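Contents: one structure, followed by commentary.
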């Protein structure tokens, strides 16, 4: 296990009581990180803060089971100025929206306060499980919705996370009210630290190939030749030149393994650009 005793701050993507904060809590408990939690508004702000503060860790979403790769996270990690910033751990967080209220009696609910996007994700529940004439009030954010319940009588509710209930001292009237019950997000912990080989690891890199026939295939063949399993591959524009793409790949093994060291060296020799993004213990998606 990594030694995080000197970490001062662990940053996460807000707002308060978000699923990213829940992932931050998971990493803190699992890895014994006793650090101040700081919410930021954008992914770029978090990466820049960790980049400039070596005693800091960051938590960001990197992949969603419905929407796929969160490109902004990968782009900012690839562009991080500190070459030692890397992914240190991963965690799969089920997306569980809850109906929250100051009351404990769900049958008495006559109003719901929530942001439009959450109402959309819980459309079936609102339509089929709530009263026909339920009063719907749109709110700019999940924390604001929870906070505003103080201004309404006990028959009003909000939509939020289990963390929202904990933060604002609300009761969870019903869990998993989102329409898609299989929705989950993979979160990463990253920073300027090292990881140990566990025997159940994965490595992530980003690279681009020369724009000529067979260049990409030559690189991918390196993994096959070295008997290394590719578990994830995604491409996205490089942001430097139109038509130029960066591939992010994840494969079995740890960078401390001689076979992985050899493979990375061979990829680097063939690639136009390559960046090591981290070796870390595998986590399992949640079975829902």
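Here, each number is a calculation from the coordinates, and none is a lab measurement. This structure is a prediction, so every number in the text was calculated from the model and none was measured. Don't worry about glycine lacking a Cβ; one is built from the backbone with ideal geometry, like all the others, and counts go over all protein chains shown.
Couple of notes before you dig in:
- Computed FRET value (nearest 0.05) for residue 84 with residue 5, which takes r as the C-beta separation and R₀ as 25 Å: 0.85
- Using a Gaussian network model of the chain in which every pair of alpha carbons under 10 angstrom is joined by a spring, one finds that among 162, 54, 237 the greatest mean-square fluctuation is at 237.
- Ranked list, fewest to most other Cβ atoms within 10 Å of each Cβ, for 224, 130, 142: 224, 130, 142
- Measuring r between the beta carbons of residue 198 and residue 29 and using R0 = 22 Å, the FRET efficiency lands at 0.75.
- Per-bin percent of Cα-Cα distances, the range 30-138 [5 Å]: 2, 9, 16, 16, 13, 11, 11, 11, 7, 4, 1, 0
- Where only DSSP H runs of four or more residues are counted, the chain gives -8000 deg cm²/dmol as its mean residue ellipticity at 222 nm, each run worth -39500 (n - 2.57).
- The C-alpha atoms of the chain define a longest principal axis, and helix 215-225 lies at about 90 degrees to it.
- Cα centroid separation, the range 174-250 to the range 91-156 (Å): 36
- Sorting 266, 194, 5 by the number of Cβ atoms found within 10 Å of their own Cβ, with the fewest placed first, yields 5, 194, 266.
- Here the gap between residue 218 and residue 154, fully extended at 0.36 nm per residue and compared with their Cα-Cα distance, gives a gain of 16.6 nm.
- Put in order of Cβ neighbour count within 10 Å, fewest first, the listed residues 50, 134 become 134, 50.
- Answer label for Rg and Dmax of the Cα atoms in Å (calculated), chosen among (i) 20.4, 64; (ii) 21.6, 67; (iii) 16.9, 53: (ii)
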